[in-house]
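Worksheet for the structure shown next.
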Amino acid sequence: MKILVLNTGSSSYKSCLYDLSDGALPANAPVPLWQAQLEGTHLKIVVAGKTIEKEINAAPSASIKQMLETIWSGENRVLNSPSEIDMVGHRVVHGGSEYRKSTFITADVKSTIARLADLAPAHNPASLRGIEVVESLLKNVPQMAVFDTAFHSDIPDAAAIYPGPYEWIDQGIRRYGFHGINHEYCAGRAAQILQKDLSSLRLISCHLGNGCSLAAIKNGRSVDTTMGFTPLEGLMMGTRSGSIDPGIILYLLHQGVAATEIDHILNQQSGLKGISGGSGDMREITASIAKGEKRAQLAFDIYAHRLRSYIGAMLASLRGLDALIFTAGVGENSAPLRAAVCEGFAFLGMKIDTTKNENKPVDADIATPDSRIRILVIQAQEDWAIARECFSLQLRAKR
Ligand code: ADP
């Protein structure tokens, strides 16, 4: 069974083709038959360990089309015809209250995703574009939407409802949470690594990429998370502020700053980038700290402080902790950040093994043997999680 995954970001498209022809799901993520990433006009394709890069100067839909066509045409093709693709899975960021689990894409589902674009203007329209390009290329292939919000749909009301007017609930203003596809994947992977039953574990998953969020996971279910109605709430991020006093927004509005400008400031000009004055990339922050740049150090310190604070909040929602998980770009790669975070919980008996932490861990436990809480570094595998979900849904549909 060949499953194509289209993972739509706010500014990029990532795509993978998995070959699960032997009919059984492997325990761990297999190497995709074909992988591509389209960022702006830059297309990178990886096939059989070989990387091909080229520029595409076309409108977004035409660029996605050209990216997908490399699967079955040109010298690096891996299939003879698009009809060999059995199913396509899409990451859809916002499923609102409508979608609590993955679903086959129909005309109704498409219009709901379009309607929810008000809640995720940078993401949902891009997912729809991907769905429509696939429709044009692969005609009637089954397509499935996997939602980043679905994993959090059981969060208890006390954690999900904002203490504004009660009417907000009917207006759909509530905590949805995001990064659910990867948080859920990490919870399952943590159980595998720890050789424990997922239903016995209390986990905090720290997804630290360009966007950052925590999930408190009990018995395999999300019981609290830091992103909210939008992906702006919670932790400090690469270019996003995370939570700030809402009074600051009112103050800026009263000062005459336009809403669109505030949107731009909070989403693009804040976080690591805003404080450091450089970029929102943790690699640059670390390099600048090494050169003695004070603003980079301040950015790192605020990032770590807020991370520890929110871990504290998740700890209270879980009422205990078996393992803390670091995942995504910063979580997987920044040893100094992991050390700074774990140091804050030494009083609970959390002990990080310095050598393991600094030795580029991948899907590994980096706590000392006597640590009372395990510390895991898990590689984010959103695309594989989507492919797996497609595979399972297809099986259920056949039964
Ligand atoms: P996205 O949220 O877009 O999927 P990623 O999970 O790939 O992003 O994370 C990207 C971020 O990871 C980069 O902006 C950078 O801050 C961070 N990152 C990547 N490699 C490293 C590294 N070696 N050290 C520190 N941070 C890193």
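Throughout, read-outs are computed from the coordinates displayed, never taken from laboratory work. Given the structure is predicted, the values throughout are model-derived calculations rather than measurements. Every residue, glycine among them, receives a Cβ derived from its backbone with ideal geometry; neighbour counts consider all protein chains shown.
Electrostatic tally near residue 100: other residues with Cβ closer than 12 Å to its Cβ, Lys and Arg +1, Asp and Glu -1, net 0. For the chain, the longest principal axis of the C-alpha atoms and the axis of helix 124-138 are separated by about 20°. Rounded to the nearest 20, the size of the Cβ-charge dipole of the stretch 243-399 about its Cα centre is 360 debye, with Lys and Arg at +1 and Asp and Glu at -1. Of all lysines in the structure, the ones whose alpha carbon falls short of 23 Å from that of residue 356, not counting any fewer than 8 places away in one chain, are 196.
Here's the list of aspartates and glutamates a cross-link from residue 218 could span, going by alpha-carbon distance under 13 Å and ignoring same-chain residues fewer than 8 apart: 154, 184, 197, 322.
Each Cα pair under 8 Å and six or more residues apart adds its sequence gap; the mean of these over the residue count of the chain is a relative contact order of 13 percent. Ratio of Rg to Rh for the stretch 33-145: 0.99 [Cα atoms; Kirkwood radius as inverse mean 1/r over pairs]. Using the charge dipole of the chain (Lys, Arg: +1 at Cβ; Asp, Glu: -1 at Cβ; taken about the Cα centre), state which of 297, 379, 190 has its Cα farthest towards the positive end. Projecting each Cα onto the dipole axis, the largest value belongs to 190. Shape analysis of the chain yields a ratio of the Cα radius of gyration to the Kirkwood radius, Rg/Rh, of 0.96.
Checking the cross-link pairs 50/101; 139/398; 14/360 against a 26 Å limit on the alpha carbon distance flags 50/101 as lying beyond it. Of the beta bridges in the chain, as assigned by DSSP with both residues counted there, near 65 percent are antiparallel. Scoring 222-232, 194-204 by mean Cβ neighbours within 10 Å over their residues and listing the highest first yields 222-232, 194-204. Kirkwood radius and radius of gyration were both taken over the C-alpha atoms of the stretch 182-258, and their ratio Rg/Rh is 1.17. Once the Cα-Cα distance is subtracted from the 0.36 nm per residue extended length, the residue 173 to residue 254 segment shows a gain of 26.8 nm. Annotation: the antiparallel percentage among DSSP beta bridges lying fully within the stretch 1-110 is about 85. Put in order of Cβ neighbour count within 10 Å, fewest first, the listed residues 78, 341 become 78, 341.
Of the GluC sites (Glu not before Pro) found in the stretch 29-102, the ones in coil according to DSSP and having at most 10 other Cβ atoms within 10 Å of their Cβ are 75.
Seen from a random direction on average, the alpha-carbon convex hull of the stretch 269-390 projects onto 9.0 square nanometres.
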